[in-house]
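**Q** Here you go, one structure.
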DNA sequence: ATAATAATAAACAAGGAGTTCAAAAACTAA
DNA sequence: TTAGTTTTTGAACTCCTTGTTTATTATTAT
């Protein structure tokens, strides 16, 4: 890819990432991003339709990063290596920690919805084959499933938002399984 | 209160309520509200600072309504009447059902955050004296508490958003207690 | 080197936000 | 009813943001 393009895209993402740590999503204008990225107005609009597309790009980056890393683990580690469901959650949390400042800003604004719906989708995929419905035969399946997904989502949210830096990703995963152990036992 | 004022406020709320059933929060302009409410521009701005304040007013109305109704129950019913925690939840859900159209529109937009944070606060109050931490002594209290609150919040959200009109408020409350029974047993 | 592509500044139109003001209308209290 | 107060109204206005266009300059890949 043309070096100019990747440079522009990179600086826009970085600019947004900086801005969202400082102020609310709704208060960030396209002009702010342009100024922070130090690019021309027309340049921005030749790459992104609007502010929302920048967030989409950033969120996609995060989940692509996580997915590719998951593949790495599956390809390069031998089979004795534990890489079960719990490990994949922990692993995702480590990735979130890297982008913590940006994510906190995003989650405290309306832009957070974009991240949350991506997270929900990602978790929904991961959960399909991992939860047990046997203990909850009185409840519609989609409600149990929604509970499994959103419960982890809210735990992650709480972990990121509150200044819970002392809590390790492993702990978060443990707490999740403790809070919902019936979902993971036959 | 001056009849003109209450009339204006009422028509603004009704206007917003109509509009949010039709289109996304971000696509509703102050001018839309003014037109739908059929009032003068200056009149709107003499009562509300912006669009967000209208949502705040609507959300406050809902929870005030619920709280005052709770008091009614406590005052007028005799002590043999069951009005425990579960009943108060069901009761809240019946109120939400009344404003369903508006709430669905709100929750599918960014404006939903205002409702959700009010709901979270409301639930947090209600939960203070009702959940049992004994089964979760390995987990920080605030995390268990957050789980209790957000789990119900997400269940309500799912109930409202999906076309789950067939599910009754009593069922929703039941599902909640089934999904989290450890939170309510010593 | 050159042909293609990207970046740029500047100007532009369209539209929303929020304010101001004087005149008209509706209210209250006596 | 009247007189005085408060609210509503429409219109005009400023400011800001969005998104587009254009002609020019700079960078790139080969």
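The values are calculated or read from the model by the stated rules, or taken from the named source; none is laboratory data. Please read all numbers here as calculations on a predicted model, not as lab measurements. Using ideal geometry, Cβ is built from the backbone for each residue, glycine included, and neighbour counts are taken over all protein chains shown.
**Q** How many of the residues in the stretch B:24-35 are within 8 Å of DNA strand C (Cβ to nearest atom) and surrounded by fewer than 18 Cβ atoms within 10 Å (Cβ to Cβ)?
**A** Residues in the stretch B:24-35 being within 8 Å of DNA strand C (Cβ to nearest atom) and surrounded by fewer than 18 Cβ atoms within 10 Å (Cβ to Cβ): 4 in total.
**Q** Further question: In contact (Cβ under 8 Å) with a residue 24 or more places away in the chain, within 13 Å of DNA strand C (Cβ to nearest atom), within 14 Å of chain A (Cβ to nearest Cβ) and under 20 Å from the mean Cα position of the chain (by Cα) - does that describe any residue in the stretch B:55-68?
**A** yes
**Q** Name every residue in the stretch A:1-18 that is in contact (Cβ under 8 Å) with a residue 24 or more places away in the chain and more than 9 Å from DNA strand C (Cβ to nearest atom), in order of residue number.
**A** Answer for the stretch A:1-18, where residues must be in contact (Cβ under 8 Å) with a residue 24 or more places away in the chain and more than 9 Å from DNA strand C (Cβ to nearest atom): A:12, A:13, A:16, A:17.
**Q** Out of the stretch A:1-18, which residues are surrounded by 16 or more Cβ atoms within 10 Å (Cβ to Cβ) and either more than 22 Å from the chain's Cα centre (by Cα) or under 22 Å from residue B:109 (Cβ atoms) (or both)?
**A** A:8, A:16
**Q** Only one residue in B:62, B:9, B:5 is in contact with a helix residue (DSSP H, G or I) (Cβ under 9 Å, 6 or more places away or on another chain), assigned to a helix (DSSP H, G or I) and away from DNA strand D (no atom under 16 Å from the Cβ), so which one is that?
**A** Among B:62, B:9, B:5, only B:62 is in contact with a helix residue (DSSP H, G or I) (Cβ under 9 Å, 6 or more places away or on another chain), assigned to a helix (DSSP H, G or I) and away from DNA strand D (no atom under 16 Å from the Cβ).
**Q** Let me ask you something else. Given B:117, B:21, which one is assigned by TED's automatic domain parsing to the domain that holds residue B:168, more than 23 Å from residue B:177 (Cβ to Cβ) and either away from DNA strand C (no atom under 15 Å from the Cβ) or over 17 Å from the mean Cα position of the chain (by Cα) (or both)?
**A** Result of the check over B:117, B:21: B:117.
**Q** Return the total of residues in the stretch B:12-40 being within 14 Å of DNA strand D (Cβ to nearest atom), under 24 Å from residue A:26 (Cα atoms), away from every other protein chain (no Cβ under 14 Å) and in a helix (DSSP H, G or I).
**A** 7
**Q** Under the condition of being away from every other protein chain (no Cβ under 14 Å) and more than 8 Å from DNA strand D (Cβ to nearest atom), which residue from the stretch A:41-52 is nearest to residue A:102 (Cα to Cα)?
**A** If we take residues in the stretch A:41-52 being away from every other protein chain (no Cβ under 14 Å) and more than 8 Å from DNA strand D (Cβ to nearest atom), then A:48 is nearest to residue A:102 (Cα to Cα).
This table checks each residue for (1) exposed (fewer than 15 other Cβ atoms within 10 Å of the Cβ); (2) in contact with a strand residue (DSSP E or B) (Cβ under 6 Å, 6 or more places away or on another chain); (3) touching a residue at least 12 places away in the same chain (Cβ under 8 Å); (4) outside the structural domain of residue A:96 (by TED's automatic domain parsing).
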| residue | (1), (2), (3), (4) |
| --- | --- |
| A:125 | yes, no, no, no |
| A:139 | no, no, no, no |
| A:146 | no, no, no, no |
| A:173 | no, no, yes, no |
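**Q** Got a sec? Which of A:183, A:160, A:119, A:178 is crowded, with 21+ Cβ neighbours inside 10 Å, in a helix (DSSP H, G or I) and facing chain B (nearest Cβ under 10 Å)?
**A** Matching residue, one of A:183, A:160, A:119, A:178: A:183.
**Q** Any residue in the stretch B:36-53 that's within 8 Å of DNA strand C (Cβ to nearest atom): show its pairings with residues that are not in a helix (DSSP H, G or I) at Cβ separation under 7 Å, as long as the two are six or more apart or on different chains.
**A** Filtered contacts from the stretch B:36-53: B:51/B:28.
**Q** Now, a different point. Answer yes or no: is there a residue in the stretch B:102-109 that is within 16 Å of DNA strand C (Cβ to nearest atom) and in contact with a helix residue (DSSP H, G or I) (Cβ under 8 Å, 6 or more places away or on another chain).
**A** yes
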